[in-house]
Amino acid sequence: MIHAGQLIERTLHEQGRTVTWFATQLCCTRPNVYKIFRKETIDIHLLWRISYILGHDFFRDLSD
């Protein structure tokens, strides 16, 4: 099973984005972003928001 949080973290860093930028886009704090990175599974609504913010289809990645 793919670890969703690690996939999000890797994609964020590949795009050259910072955790601070990501937290601002999600309207949350940096510690909450790090909590997301530690989650193996992600709520579908949150995953949709993250996919939109990063312009990346995580649903496709996680369905493989």
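Taken one residue at a time, the phi angles of the range 19-32 give Karplus couplings (6.51, -1.76, 1.60, θ = phi - 60°) of 5, 4, 4, 4, 4, 5, 5, 7, 6, 9, 9, 4, x, 5 Hz. Gly and Pro are set to x. Remark on the chain: Rg and Dmax equal 10.6, 30 Å (Cα only). Entry note, the range 4-63: relative contact order of 41 percent, from Cα contacts under 8 Å with a spacing of 6+ residues. A full extension of the chain between Thr24 and Arg38 corresponds to an added length of 3.2 nm, given 0.36 nm per residue minus the alpha carbon distance.
Other residues with beta-carbon under 14 Å from the beta-carbon of Gln25 carry, at +1 per Lys or Arg and -1 per Asp or Glu, a net charge of +3. With respect to the chain, whose longest principal axis is taken over its alpha-carbon atoms, helix 44-54 is tilted by about 60°. Using only side-chain charges placed at the Cβ, +1 for Lys and Arg and -1 for Asp and Glu, the dipole size of the chain relative to its Cα centre rounds to 280 debye. Net charge near Ile50: determine it from the other residues with C-beta under 12 Å of the C-beta of Ile50, scoring Lys and Arg +1 and Asp and Glu -1. So the environment of Ile50 carries a net charge of -1.
Quick note: the coordinates plus some simple rules give every number you see, no bench work behind them. Just so we're clear, the structure is a prediction, and the values are computed from it rather than from any experiment. When we count neighbours, we look across all protein chains shown, and the Cβ atoms used for this are built from the backbone with ideal geometry, even at glycine.
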